[in-house]
1. Roughly what % antiparallel, to the nearest 5, for the DSSP beta bridges in the chain?
2. What Rg and what Dmax come out for segment 458-550 when only alpha-carbon atoms are used, in angstroms?
3. Give the long-range amide H neighbours of SER121: residues separated by 5 or more places, or on another chain, with amide H under 5 Å away, using H modelled in the peptide plane at 1.01 Å from N.
4. How large is the helix-only mean residue ellipticity at 222 nm for the chain, computed as the sum of -39500 (n - 2.57) over DSSP H runs with n ≥ 4, divided by its residue count, in deg cm²/dmol to the nearest 500?
5. Based on C-alpha coordinates, I'd like the Rg and Dmax of segment 335-381, in Å.
6. Rank these residues by their accessible area, most exposed first, probe 1.4 Å: HIS396, HIS403.
7. LYS532: which lysines have alpha carbons under 30 Å from its alpha carbon, excluding same-chain residues fewer than 8 sequence positions away?
8. What residues qualify as long-range amide H neighbours of LYS331, i.e. H under 5 Å apart, gap of 5 or more or another chain, H built at 1.01 Å from N?
Amino acid sequence: MAADLPSVLRSAGLAEESLARARMVEVETGETLEKVVTRLGLMSEDALARALGAALHLPVVEPEAFPVEALAVANISAAFLHDRRALPLRFENGRVVIALANPLDHDAVSGLAFATGHPVSRVVARGGDIDAAIDRLYRAEPESDVEEEIDDADLERLKDLVSDAPVIRAVNRLIADAVDARASDIHLEPTDDRLQVRFRIDGMLREMPAKPAAMRAPIISRIKVMANLNIAERRLPQDGRLRLTVRGHEIDLRVASAPSIHGESVVMRILDRSNLALDPKSLGFDPALEKQFLSALAQPHGIMLVTGPTGSGKTTTLYAALAHLNAPDRKLTTIEDPIEYRLPGVVQSQINPAIGYTFSTALRSFLRQDPDVMMVGEIRDTETAQIAVQAALTGHMILSTLHTNTAAGAVTRLLDMGVEPFLLSSVLTGVLAQRLVRRLCPHCRTPYEADAAVLARLGIDPDGGESRTFYHPCGCEKCKGSGYAGRMAVFEFIRIDREIGTLILHRADTRAIADQAARAGCGTLRGDGIAKARLGLTALEEVLRVASED
């Protein structure tokens, strides 16, 4: 039997340097060692629980074994149970059975035995499961205490409150839960009686267990402190960012706060650098489109645009393009708002309109730094568009985004911004439009024969000999019942050839450019989506949701 927790951690494979790091954080923060190990992502809660169970020959229990109501034991506060991560489960043969995240916590065991007046039988459970159960079973006690503090607190007391262990634990758990759920955003929205929590998972918002009203101010203020925002300013929107290690991954979070009628609303965008696809081959292009895209990128100068609504993955595509072009003999620069990921070997700059540092001024300034490739986060105005065109004419490759619904629409949008047709036709090399669709869970997707009416709506001839087999989402344990697991992109790409260049010279409308692109063999968003739906990668409903009629 292992004598202490460090011995168990070593036997479970935790490296000595990682253990030393955790011990240092334990001393600095006052948190228990098992909390530090899981918070830093050095070991998952499940792995830790199983290692302790195996080392101590104790059963590991699941949340289903937890009581429906709090066990009737006197002299035990919820604060103590939270601090020691201990949960009384039941009385059995004159003993009280306690679930512990760390059954080697002898102070907790002896304290519980003294408080209950019964000898203690230990079992092991994951710390997060214990925290959630204590919140559910002993909710009334902490709420009233915190509410009283918040009601009477001034700014200095609020600063003290956000450093309390329960608030720190609540925020850390919230972020870890979001990362585990593969969420891209965390939405915290105060109402009159609670703090509503929603995660955006695979592009769709899902409600999570709300926090009590008493926790609104401490949780929001804790997040603002972590993101270096001013907790005294609650009337104006603020933006910040922070970096954490969650489950062994470096996670960047973009934090945006805004005032609302019931307090500040906060949205945190989760940027997991370990999941960033920095290779065009991983974006989901079919072979023909990938060849066209890389060919356009290979041009020595010009403008390459990526279009689509907010949240359609445009920045990820541009980062993949930059990674493809990044080489020691090229100088790459970016102008972004904000910088989402740090790219090695690339000079990145963030605009600051408050001091006059806009896309146009930054673009003009960076041209004097002799770059080969420049990424401009977005072409928003006429001045930025015209400077980008001049930069392309003088031998630079410009990568940027534009908010239009289709690839062909980007051409008319730039013409509307005042770019001269003869200049645009000579510098524009290609336009990529994209949308994100949910990817079907490969473990539970279900094939079916599509109805003829649906096929006709999609422009597919039901009697044309093509397969009518597509796939429905079903739902299983792997995808937590949603039927989907992750997202993928659907694309359309227009390479600016001689014929389309002539149309641009004559200020042709969007439809004429799209028709010519179709004749040249360019696909459409809907066509790419249908092809991926046939392969069982996504559902037809997803394609119809994001792609308009062709």
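The values are calculated or read from the model by the stated rules, or taken from the named source; none is laboratory data. Given the structure is predicted, the values throughout are model-derived calculations rather than measurements. When we count neighbours, we look across all protein chains shown, and the Cβ atoms used for this are built from the backbone with ideal geometry, even at glycine. Keep in mind that these areas ignore ligands, DNA and RNA; they rest on the heavy atoms of the full protein, side chains included. Shrake-Rupley method; radii C 1.70, N 1.55, O 1.52, S 1.80 Å.
1. Values: 58 of 87 bridges.
That works out to approximately 65 percent antiparallel.
2. Computed over the Cα atoms of segment 458-550, radius of gyration and Dmax are 17.0, 56 Å.
3. VAL96, VAL97, ILE98
4. Values: 22 runs with 217 residues, N = 550.
So the calculated ellipticity at 222 nm is -11500 deg cm²/dmol.
5. In Å, with Rg to one decimal and Dmax whole: 10.5, 29.
6. Numbers: HIS396 25, HIS403 85 Å².
The ranking, largest first, comes out as HIS403, HIS396.
7. LYS281, LYS291, LYS314, LYS478, LYS480
8. The list, which skips near neighbours in sequence, is ASP372, VAL373.
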